[in-house]
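Below is one structure, written out as structure tokens; the observations come after it.
The values are calculated or read from the model by the stated rules, or taken from the named source; none is laboratory data. All of these numbers come straight from a predicted model, not from anything done at the bench. Cβ atoms come from the backbone with ideal geometry, glycine included; neighbour counts cover every protein chain shown. Surface areas here come from the heavy atoms of the whole protein model, side chains and all, with no ligands, DNA or RNA. Shrake-Rupley method; radii C 1.70, N 1.55, O 1.52, S 1.80 Å.
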Amino acid sequence: MASQQQLLAIKGAKVLMVGAGGIGCELLKTLALSGFQDIHIIDMDTIEVSNLNRQFLFRQLHVGQSKAKVARDAVLKFKPHINITPYHANVKDPEFHVDFFKQFKVVLNGLDNLDARRHVNRLCLAAEVPLVESGTTGFLGQVTVHVKGRTECYECQPKPAPKTYPVCTITSTPSKFVHCIVWAKDLLFAKFFGDKNQENDLNVRSNDAASSSEHTEDVFERRKDEDIEQYGRRIYDHVFGCNIEAALSNEETWKNSSRPKPIYSRDVLPEGLAQQNGNMDKNCAADDPSFVSAMASLGMKNPQDIWSLMENSKIFLESLKLFFTKREKEIGNLTFDKDDQLAVEFVTAAANIRASSFGIPLHSLFEAKGIAGNIVHAVATTNAIIAGLIVIEAIKVLQSNTDSYRMTYCLEHPTRKMLLMPVEPFEPNKSCYVCSESPLTLEINTHRAKLRDFVEKIVKAKLGMYFPLIMHGAALLYEVGDDLDEDMVANYAANLEKVLSELPSPITSGTMVTVEDLKQELTCNINIKHREEFDEEKEPDGMLLSGWNQASSVEKDDSKSIGNGGTTSNASQTVPVEAEKDDEMSNVHSGKKRKLSEVPEAAAQDFSGVSDKTRKNKKLEVVDDDDDFVMLEGDPGIYKKKKL
């Protein structure tokens, strides 16, 4: 039971919830039942069918409606006399500025991505409002408290960069099923159904010996008077047959690797077989493209079955046919979506056929979807536990009970007979550029790099500023805002196209540049260091930022580690994918409460699902909750010793 003092703190508190998904539904219910009277909710999402198995405030009839608004209505049915204000909006919208955040006693996060988390962290720091952060992945979860000046902020410690795989591995020498998925999703699917003007590594012109008759024709273009069956088989033969044979011609590649086997449609499917079996369109809702399914068309029902090579080939050809006959208007504008059944079927079949060629074990559609969408299926009870812990920490914050703040980790298996591991919060990291305002260093070629490169690749992509203002001394070089007149907009646009050393106030080696985001009330100083050359493979941006808390990612032999990645056209580049787990995070920054010698042996050894190397060198990091997938932002493994 809450004490009288706690009840008074709760009833007088105006709190902000960001996120109304898996954690958010549980959190709103727990806040209401705990006596909170004034709750505001921000969530930009609408309800999907896949949410209904654990986001218990929603029902089938709510699909397509605002999560924040439906959650409010559901809770008011059993707690009608409290005030709940929903916002169906993005927390990064201009209306949610620092002054908006200042009206709250505490902010409670149930977000699903790093970008939004960083933004809320900065607004809370600027508004000096405590933040309670949270996340879950499967049976694992955590709750952390961030109070300006007392504990570390959300960005004090590194978050892993997206995992990357070299394109040469993806396109030439795959060794794991994850490589086949990346190839099928980010290259083949994009080539078939994405932007036709965007080149990638499948833009192979048919000028090789095997297809010399086609001259310089793009083999992926459907020819006039070519029916869909012929087109599908021709593409199948080119991608899984001719391209593999072309790769085999380079003997040097296969000296230390197993040679792949070319696969042709005639060897797997006799002429007409795929068409004969793909005649069950009655199982597809022809009027609704979202329900079109190659599995339904072929009478295949179980997504957990591992299809044979013949079945994968049928699905590949059937899904291609359905895209061109049922969803032709979408072709050219599609990107892979884990909730697009036909897209998942196409990618699964293509990845499995390629895996067959390279001797890699095949996977079911259920498994392939998990890899392609970085899906870790949520556990409703974990969300409920984490929501309860959030409220406990929120009550401590409202009572200013700083000595009892805890970062609490929800474990899959008992450690020291505990499933909940409480840890004292860490102190602010003195080298954090967000809360400690430590200057950064940028190595860049000031004679070649343009201001646009600096804005896009550093200020926005790495520092996460949405409305940047860039100054060199007293000179204002760039600004974003709705209140700018036309002359100023034109002047800043012209500056963007100038190299740094030729700006009105030149940026050269030794220059100190000040970057501000007025909306976040964040200021960052960057020392510029001129550098002539960069390694194109290791430093593709042509610049290197130091002092920025972002870990590098190292590939792990884990077929479940993948997320949405970009398409690339240079073999020296890499295809980025969000890592579910990352074996090598960057070094933990120095701090009074971060001594590896203090790690409890039992905690380090008993944590489930973490490699031995990880157990010895990591601390539990923030994990994400999303509707039916989560992205692990770090690895469990290291805990500070708590005085028990």
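With all protein chains kept in place, the per residue accessible area of region 356-446 amounts to 38 square angstrom at a probe of 1.4 angstrom.
Loop-located chymotrypsin sites (Phe, Trp or Tyr not before Pro) across region 435-518 with a Cβ neighbour count of 16 or fewer within 10 Å are Tyr466, with loop assigned by DSSP. Other residues within the sphere of radius under 9 Å centred on the Cβ of Glu155, judged by their own Cβ, net out at +3 (K and R +1, D and E -1).
The Cα atoms of region 300-389 give a gyration tensor whose axes a ≥ b ≥ c have a/c of 1.5 or more with a/b no greater than b/c, which makes the shape oblate. Within region 68-160, the ratio Rg/Rh, alpha carbon atoms throughout and Rh by Kirkwood, equals 0.99. Peptide packing for 125-131, 19-25, 170-176 was compared via the average number of neighbouring C-beta atoms within 10 Å per residue; ordered from the highest value, the list is 19-25, 125-131, 170-176. Shape analysis of region 334-385 based on the Cα gyration tensor places the equivalent ellipsoid semi-axes at 26, 15, 7 Å, largest first. Taking amide H atoms as placed 1.01 Å from N in the peptide plane, the amide H of Gly141 lies under 5 Å from those of Cys410, each 5 or more residues away in sequence or on another chain. If R0 is taken as 41 Å, the Cβ-Cβ distance between Ser431 and Thr253 corresponds to a FRET efficiency of 0.40. Phi angles of region 78-85 translate, via the Karplus equation with coefficients 6.51, -1.76, 1.60 and θ = phi - 60°, into HN-Hα couplings of 10, 9, x, 9, 9, 9, 10, 10 Hz per residue; Gly and Pro are given as x. Please say if region 35-108 is rounded, prolate or oblate, where rounded means a/c under 1.5 for a ≥ b ≥ c the square roots of the C-alpha gyration tensor eigenvalues, and otherwise the choice is prolate for a/b larger than b/c and oblate otherwise? Verdict is oblate for region 35-108. Evaluating 6.51 cos²θ - 1.76 cosθ + 1.60 at θ = phi - 60° for every residue in region 422-438, the Karplus couplings come out as x, 9, 4, x, 7, 6, x, 7, 5, 9, 6, 6, 7, 9, 10, 6, 6 Hz, glycine and proline recorded as x. Computed with a 1.4 Å probe over protein heavy atoms only, the accessible surface of region 94-166 comes to 27 Å² per residue.
Given R₀ = 60 Å, FRET efficiency for Gln60-Ser3 by Cβ-Cβ distance, to 0.05? Plugging the Cβ-Cβ distance into 1/(1 + (r/R0)^6) gives 0.90.
Using only side-chain charges placed at the Cβ, +1 for Lys and Arg and -1 for Asp and Glu, the dipole size of region 300-419 relative to its Cα centre rounds to 160 debye.
Here the peptides 52-62, 253-263 are ranked by packing, the mean other Cβ count within 10 Å, and the order with the highest first is 52-62, 253-263.
To put it simply, the accessible area of region 57-147 at a 1.4 Å probe is 50 percent carbon and sulfur.
Once you reduce region 455-506 and region 217-246 to the center of their Cα atoms, the two points are 47 Å from each other. Couplings for region 17-24, taken from phi via the Karplus curve 6.51 cos²θ - 1.76 cosθ + 1.60 with θ = phi - 60°, read 9, 10, x, 10, x, x, 6, x Hz in order; Gly and Pro are left as x.
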